[in-house]
Amino acid sequence: MKLFDNLQKKIDKKKSIQKHYISKEQIKQTAKENSRIIKELEKQNNRKNVPEEEYLTKMRDSNNVVEFDDLHAYFFTDAGIVKAVDGVSFDIPKKSIVGVVGESGCGKSVTSLALMKLMQKPQGQIFSGEIRYNAKDGKAYNISKVPREDMNKIRGKEMSMIFQEPMTSLNPVFRIGDQLDEILFLHFPGITPEEAKEKSITMLKTVGMAMPESVYSRYPHELSGGMRQRVMIAMALSCDPNLIIADEPTTALDVTIQAQILDLLRSIKNDINGSIMLITHDLGVIAEMADYVVVMYAGRIIEKGTAREIYKNPQHPYTVGLQKSIPALNLNDEKLYTIPGTVPNPINMPNYCYFRDRCNKRFGKCDGEYPATIQISPTHSVACYLAEEIAAELAKSKDGEKNAKK
Amino acid sequence: MPKNKLNQVTNTVDQDNLAPVEKDDILIVKNVKKYFPLGSNWFKKTTSFVKAVDDVSFTIKRGNTLGVVGESGCGKTTLGRTILRLHSITDGSIEYDGNDIRTISKREMTKLRPKIQIIFQDPYSSLSPRMTIGEIIGEAVREHKLVPLTEHRDYILDVMKSCGLPPYYYSRYPHEFSGGQRQRICIARALALKPDLIVCDEPVSALDVSIQAQIINLLVDLQKKFGLTYIFISHDLSVVEYISTEIMVMYLGSVVEQGTKEQIFRKTMHPYSKALLSAVPVPDPDVKKNRIILTGDIPSPANPPKGCKFHTRCSECMEICKSVVPKLKEYEKGHFVACHLYPQD
């Protein structure tokens, strides 16, 4: 009898282990399936001489620079599909700063990389959805369908990116000047080296670099973090882009240098007449810079609106929690508010609201499907069941107003 | 967080007016200097130094938290490491509970080690990937023979519990954890040795906002529970304000302002502290601040400017600042400032 019990225990243990681990066969199967999908997507991407009609579209609103429309960006890994961006849609209007906030791993960087088509190939792919881009010449591109060759013309010239770590994004074996000139040679084929040098030095001047001529002939290791970030910004500006994507531009910098860089970005926005997509996890930076704010959680947008709406009237419990958990200056609370738990595993996301298990306001409805986005005001929308009542009330009061007018 | 208004940093700059050593003082740092050699001449004699920490003095009372603030390269991390004698001390004295850390022998220092612990900045690189969590936390406990081997496991599990780590993490490896959990492991490792003083070297700067709040709350709770003393090194002023009772602002290796939290944040005196405070972004779109933006970068510590080190970036720089080094002087009880804007005699 004892022997049988022991055997039973061993089998149970094996089963419980199998629950948490993926078997070799499963990995093989998913890898096979993944490679099939990736091949198909890559084939589309690597075609040559694609007619323009295929990737030209129309903007929904001509005042927008970029429109994300139900974007899905996945990573096909052997353990399963990681839905890094899962149905994201928002607009970047002209001449504005849009801030994207969220914890690490929420998909904010992947959204920007998808826009630049710089996702880690081949496992990272734009699976479905549209990114519409309003180019300077009036054409509207559907970025997700633009083949690689044509994308090279857009990238850097029409939109450019400032990366998080200025230490690693500059090439240590080339002089600053060479790296700045390279972009000009690529995008303006007829340019002479003298002209390029002149342009680069004026670019360094615009970003407030002292002694631009000497910086031009220096190597990256001779510059400090703030100066390197200025070089990165100069590089991003050198082709007069329509849109600058700043991916955590100040995270690696000190507070005082951060203030300098933010000030610079603000003045640049006015100079180039373009828009900035600012990605950061620092709610303070967003509050100071952004006109519109998008809050992301686990690959989806949970709340978006103008900066004022998000900070003064946050609706989603996650947004509220994030704001409460900052140890802001001039606050004398005894204890900091914390959001319990961590972000769920990106593979095999649950059916219900991703934030349910960490939420302090969950109720019966939350066990249902992932909540749909609800418009509270023309610019403010939330993906939470709690907002339904508010929306209903708003609708009622609007109806009341209409009736009164009649 | 203990809000004892009597807690004050006692100044020890002036050797003659030394306040009598109180029983409550856990750490007394006097004129500590840490120079790193740079170049040498023909005879292999060092000629130039990086003055990473230059003449820093402070005292911490038991159960208090001293916040050390400054830009990168101001010597705050070096100061923290020097207190633990992870760097040798060039000059000055660090007295912990009556033991001078600079002069005691290595063997005595080893005995003292459990009492002073450190939490490092980067939880990704400060945990050995080849050891399980239980081994990481328990290694030093076993080395110092704090608990009998038979109770070892239970003790570690106890420590893990007080840091919010479930017991089944005991046999897992660091790569299985997120940044916040790793930082909890680092805290548990420091806490397992029953320390009195913990040097927290930017423990939350690598973490997300929501996780950051969890870790800060944990640190505050543990302080209450075990009566710990913290030296909290950070560049994030809002975090420092929340956790500290006293604050020290450093610039290029020397202290520019020192005082209680109230004094530093409400009655800011030094232009550098003012600029630092105004640079912190406020999470409120309606607040439009008159920001003091410092121009330029922090000068190289190998070749600091003459006179007041801050004069190259100061908005209120005068002639005297360029030649004379300002003294750190007490202007209010416990509030020290080194600036020529205020009377020096």
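Things to note:
- Just one of (1) surrounded by 15 or more Cβ atoms within 10 Å (Cβ to Cβ); (2) in a loop (DSSP other than H, G, I, E, B) fails for B:K306. It is (1).
- A:S128 being modelled with pLDDT of 85 or more, assigned to a helix (DSSP H, G or I), open to solvent by 30 Å² or more (accessible area, probe 1.4 Å) and among the polar types (S, T, N, Q): no
- You will find that of A:E213, A:E182, the residue that is free of Cβ contacts under 8 Å to residues at least 24 places away in the same chain and under 31 Å from the mean Cα position of the chain (by Cα) is A:E182 and no other.
- Condition met for B:A206 (within 11 Å of chain A (Cβ to nearest Cβ), surrounded by fewer than 21 Cβ atoms within 10 Å (Cβ to Cβ) and within 22 Å of B:V69 (Cα to Cα)): yes
- Residue count for the stretch B:69-100 satisfying the condition of being within 14 Å of chain A (Cβ to nearest Cβ) and at pLDDT 90 or above: 1.
- Scanning the stretch B:300-318 for residues that are polar (S, T, N, Q), away from chain A (no Cβ under 11 Å) and touching a Gly at 6+ places or on another chain (Cβ under 9 Å) yields a single hit, B:T312.
- Entirely in the stretch A:164-266, the helices (runs of 4 or more DSSP H) that have 1 or more residues that are within 30 Å of A:S104 (Cβ to Cβ) and within 14 Å of another protein chain (Cβ to nearest Cβ): A:166-169, A:225-237
- If you go through the stretch B:224-236 and keep only what is open to solvent by less than 10 Å² (accessible area, probe 1.4 Å), within 14 Å of chain A (Cβ to nearest Cβ) and either out of contact with any Cys (no Cβ under 9 Å at 6 or more places or on another chain) or of a type outside the set (A, V, I, L, M) (or both), you end up with B:F232, B:S234.
- Tally, over the stretch B:155-171, of residues that are surrounded by 14 or more Cβ atoms within 10 Å (Cβ to Cβ) and within 14 Å of chain A (Cβ to nearest Cβ): 3
- Yes/no for A:K324 being open to solvent by 30 Å² or more (accessible area, probe 1.4 Å), touching a residue at least 12 places away in the same chain (Cβ under 8 Å), away from chain B (no Cβ under 12 Å) and not polar (S, T, N, Q): no
- Residues (of a type in the set (D, E, K, R) and either within 16 Å of A:I245 (Cβ to Cβ) or open to solvent by less than 10 Å² (accessible area, probe 1.4 Å) (or both)) located in the stretch A:104-125: A:K108, A:K117
- Residues being open to solvent by 10 Å² or more (accessible area, probe 1.4 Å), more than 9 Å from chain A (Cβ to nearest Cβ) and closer than 20 Å to B:E202 by Cα - total across the stretch B:261-286: 1
- Matching entry among B:D297, B:D345 (being within 14 Å of chain A (Cβ to nearest Cβ) and either assigned to a loop (DSSP other than H, G, I, E, B) or within 20 Å of the chain's Cα centre (by Cα) (or both)): B:D297
- Those residues of the stretch A:12-33 which are outside any loop (DSSP other than H, G, I, E, B) and at pLDDT below 70, in sequence order: A:S16, A:I17, A:Q18, A:K19, A:H20
- The stretch A:302-313, subset within 11 Å of chain B (Cβ to nearest Cβ) and open to solvent by 10 Å² or more (accessible area, probe 1.4 Å), residue nearest to the chain's Cα centre (by Cα): A:T306
- Among the residues of the stretch A:358-383, just one is within 14 Å of chain B (Cβ to nearest Cβ) and outside any loop (DSSP other than H, G, I, E, B), namely A:R358.
- Options A:K9, A:K58, A:K48; residue that is of a type outside the set (S, T, N, Q), open to solvent by 50 Å² or more (accessible area, probe 1.4 Å) and either on the phi > 0 side of the Ramachandran plot or part of a helix (DSSP H, G or I) (or both): A:K9
- Any hit, the stretch A:152-171, residues being surrounded by 17 or more Cβ atoms within 10 Å (Cβ to Cβ) and on the phi > 0 side of the Ramachandran plot: yes
- Some residue of the stretch B:140-154 being surrounded by 21 or more Cβ atoms within 10 Å (Cβ to Cβ) and at pLDDT 90 or above: no
- Test: residue in the stretch A:187-209 that is out of contact with any strand residue (DSSP E or B) (no Cβ under 6 Å at 6 or more places or on another chain), closer than 30 Å to B:V69 by Cβ and open to solvent by 30 Å² or more (accessible area, probe 1.4 Å): yes
- Scanning the stretch A:142-151 for residues that are over 16 Å from the mean Cα position of the chain (by Cα) and buried (at least 23 other Cβ atoms within 10 Å of the Cβ) yields a single hit, A:V146.
- Residue within the stretch A:27-37 that is touching a Gly at 6+ places or on another chain (Cβ under 8 Å), open to solvent by less than 90 Å² (accessible area, probe 1.4 Å) and farther than 30 Å from A:K136 by Cβ present: yes
- Looking only at the stretch B:134-183, and only at residues there that are over 29 Å from the mean Cα position of the chain (by Cα) and of a type in the set (D, E, K, R), the one that is nearest to A:V343 (Cα to Cα): B:E176
The values are calculated or read from the model by the stated rules, or taken from the named source; none is laboratory data. All of these numbers come straight from a predicted model, not from anything done at the bench. When we count neighbours, we look across all protein chains shown, and the Cβ atoms used for this are built from the backbone with ideal geometry, even at glycine. Surface areas here come from the heavy atoms of the whole protein model, side chains and all, with no ligands, DNA or RNA. Shrake-Rupley method; radii C 1.70, N 1.55, O 1.52, S 1.80 Å.
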